[in-house]
Amino acid sequence: MPEVPGPGDGIPAHPRLPPTAGLDALKYRTAAEAALEPESPTARRVGWRFIALYTLAYISTSLLFLAPLLVTLALKVNSLVGIEQAPKSLALVAGIGALLAMFGNPFFGKMSDRTSSQLGMRRPWMVIGLVGGSLGILVVALAPNIAVVLIGWCIAQLLFNALLAAEVAVLPDQVPAAQRGLVAGVLGVCVPIASVSGTFLVKLFAGSQLAMFLAPCAIGGIFVLLFAVTLKDRRLAKEDKPVWSLREFASTFYVNPRRNPDFAWAFASRFMFVLAYAFLATYQAYYLLAKIGTAKADVPQQIFLGTLAQSVVVVAASLLGGKLSDRSGRRKIFVITASIVYGVAMFVIAIASNFNGFLVGMAISGLGFGVYVAVDLALAVDVLPDQDNAAKDLGVFNMAGALPFSIAPGIAPAILAIGNGSYGVLYGVAGASAIIGAVAILPVKRVR
């Protein structure tokens, strides 16, 4: 494994941005200055080695989150309290954990933007987040009651979001605008691949609850560390470090929607789309048990098959969607169409009466999900309020991806109560949420 680069080992003090004609003496500029100028056709493009390592790290980070969310956390809660109490207990654990994640992501993004370590701005938080989050998962795995599960999951959510915030910031740090659709499209396959990998690992180690929780951390951790040590990380000079203040700290969690309406609408669109996904991901184990009638022992297998059906479509749709978005120069139409397709998929799942119907809905959802994740992140980067605080602003944007996982478990019991315990009603609400997400992207003006 390569050594961590040190001072003078080719790590730029600022992002490597294309030099401007006549200003060759200014070897580096701030991201904010560069954002005001047209991108040079000679802008440094990232190679496939970087994209491959970045993708593997992003898959691994997604794996850390998704393996517990899709299977093991629900099964752990069910094993402690039983199927009748499990939805409410899971709502408590997932909701509070997601609430912490919502604040943790922009906070650690801000800390990353302010980090002047010799190891770089992003690398230290990747390592801290990986180690700390994995310890939280260990606590969950060994927990004797719901209170300890909650403590462990909160630790995992908080620290894994430190890792995620640093990784997402690598996109605007390292990737020129002309390649962002492509790279975002490649990153779009990370969630489905992580979903399949996570459910497969859980299925593979189904005989040991401890192994079901820790195997994703061990395997994913290898690729996160590999990317961290090979990354030519951005470095911040200590004299350029912003002065800390209470007002600045408060701004960590906020972007003015009046001054940045495009960012606000992109935030709203992602929130509604992810809310639909949160309903599906958090409750599909109970959906299979209660609505489809799946035996408890078969739940990991059926979630794996459903995730596989979804992911095969997601991979193709994500790669194609990102490429077409770059070629056409358009983002909005892809996000709108993807959200509508995903909404339709939720309606299909809502009316399914058997496992085959569930599989059909999951496959359709893969088309919408794949195109959405391929283009949505590229759109968000294109409308960032301040390119020089990319990690902080992307951290705020990522709140739209974290908050639904707090809200969905909080309101799902009420929806189930209104619907007389019907998971069909719950997924009907999920479908409506995705379609509202499509409408929310219409007012965005800075991108087509």
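The values are calculated or read from the model by the stated rules, or taken from the named source; none is laboratory data. From a predicted model like this one, the values you see are computed outputs, not experimental measurements. Virtual Cβ from ideal backbone geometry, glycine too; neighbours counted across all protein chains shown. Areas reflect the complete protein model, heavy atoms only, side chains present, ligands, DNA and RNA absent. Shrake-Rupley method; radii C 1.70, N 1.55, O 1.52, S 1.80 Å.
Things to note:
- Selection status of Ala166, modelled with pLDDT of 85 or more, open to solvent by less than 40 Å² (accessible area, probe 1.4 Å) and within 26 Å of Gly47 (Cα to Cα): yes
Okay, residues lined up against (1) open to solvent by less than 40 Å² (accessible area, probe 1.4 Å); (2) among the hydroxyl-bearing types (Ser, Thr, Tyr):
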| residue | (1), (2) |
| --- | --- |
| Thr72 | yes, yes |
| Ser89 | yes, yes |
| Pro106 | yes, no |
| Arg114 | yes, no |
| Arg123 | yes, no |
| Met126 | yes, no |
| Val131 | no, no |
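- Selected residue (only one of Leu214, Leu275, Leu225 is modelled with pLDDT of 90 or more, in a helix (DSSP H, G or I) and more than 24 Å from Val93 (Cα to Cα)): Leu225
- Summed over the stretch 295-336, residues that are under 24 Å from Val444 (Cα atoms), open to solvent by less than 70 Å² (accessible area, probe 1.4 Å), touching a helix residue (DSSP H, G or I) at 6+ places or on another chain (Cβ under 7 Å) and part of a helix (DSSP H, G or I) total 9.
- In the stretch 143-154, the residues that are hydrophobic (A, V, I, L, M, F, W, C) and either buried (at least 21 other Cβ atoms within 10 Å of the Cβ) or in contact (Cβ under 8 Å) with a residue 24 or more places away in the chain (or both): Ala143, Ile146, Val149, Leu150, Trp153, Cys154
- Taken together, the criteria place Val140 among residues that are of a type in the set (Val, Ile, Thr) and either open to solvent by less than 30 Å² (accessible area, probe 1.4 Å) or closer than 17 Å to Leu63 by Cα (or both).
- Residues being outside any helix (DSSP H, G or I) and under 18 Å from Asp382 (Cβ atoms) - total across the stretch 394-448: 8
- Residue in the stretch 356-379 that is more than 25 Å from Ser62 (Cβ to Cβ), open to solvent by 20 Å² or more (accessible area, probe 1.4 Å) and not in a helix (DSSP H, G or I) present: no
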